[in-house]
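The values are calculated or read from the model by the stated rules, or taken from the named source; none is laboratory data. As the structure is a computational prediction, the values presented were derived from the model and not from experiment. Here Cβ is always computed from backbone atoms with ideal geometry, including for glycine, and neighbour counts include all displayed protein chains. Ligands, DNA and RNA are excluded from the accessible area calculation, which covers all protein heavy atoms including side chains. Shrake-Rupley method; radii C 1.70, N 1.55, O 1.52, S 1.80 Å.
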Amino acid sequence: MHNYSLAHVSDSDLTRDIAALVTRDRVGTAVLLAHLAEFDARKLFRSAGYSSMFAYCVGALHFSEPGASKRIQAARAARQFPILYPALAEGRLN
């Protein structure tokens, strides 16, 4: 279990950790989109019992409807233009 109280963390550690977490978040987003794109391309949402990728993202992954739409659009764009993955991971695109 994580402890979300950071009062004990020094200023320098907090500053360092924030930068590392942002980097990890960007990379994680790019990896997530790659997985969503492949899942969508294989139409695996059907075998999971959903009629669409959108329904899967909302029902199984618990994304909000706007969040699901944006992630699906980004995943499909990045699958078509793979250069977008490193741009996302490096923070050159968001």
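Of 56, 4, 50, which residue is modelled with pLDDT under 95 and either on the phi > 0 side of the Ramachandran plot or of a type in the set (Phe, Trp, Tyr) (or both)?
4
Filter the range 2-41 down to the residues that are in a loop (DSSP other than H, G, I, E, B) and not aromatic (Phe, Trp, Tyr), then identify the one that is nearest to the chain's Cα centre (by Cα).
Top of the filtered list is 2.
Out of the range 18-37, which residues are of a type outside the set (A, V, I, L, M, F, W, C) and open to solvent by 60 Å² or more (accessible area, probe 1.4 Å)?
Within the range 18-37, 23, 24, 25, 26, 35 qualify.
Condition test on residue 92, is it assigned to a helix (DSSP H, G or I) and either without any contact (Cβ under 8 Å) to a residue 12 or more places away in the chain or open to solvent by 80 Å² or more (accessible area, probe 1.4 Å) (or both)?
no
Of the conditions (1) in contact with a helix residue (DSSP H, G or I) (Cβ under 7 Å, 6 or more places away or on another chain); (2) at pLDDT below 95, residue 77 satisfies every one except a single condition; which number is it?
Every condition holds for residue 77 apart from (2).
Out of 87, 75, report the one residue that is within 14 Å of residue 34 (Cα to Cα), without any contact (Cβ under 8 Å) to a residue 24 or more places away in the chain, assigned to a helix (DSSP H, G or I) and out of contact with any strand residue (DSSP E or B) (no Cβ under 7 Å at 6 or more places or on another chain).
Testing whether each residue is within 14 Å of residue 34 (Cα to Cα), without any contact (Cβ under 8 Å) to a residue 24 or more places away in the chain, assigned to a helix (DSSP H, G or I) and out of contact with any strand residue (DSSP E or B) (no Cβ under 7 Å at 6 or more places or on another chain) leaves just 87.
Looking only at the range 1-17, count how many residues are out of contact with any helix residue (DSSP H, G or I) (no Cβ under 8 Å at 6 or more places or on another chain), of a type outside the set (Gly, Ala, Ser) and either open to solvent by less than 80 Å² (accessible area, probe 1.4 Å) or touching a residue at least 24 places away in the same chain (Cβ under 8 Å) (or both).
Qualifying residue count for the region: 3.
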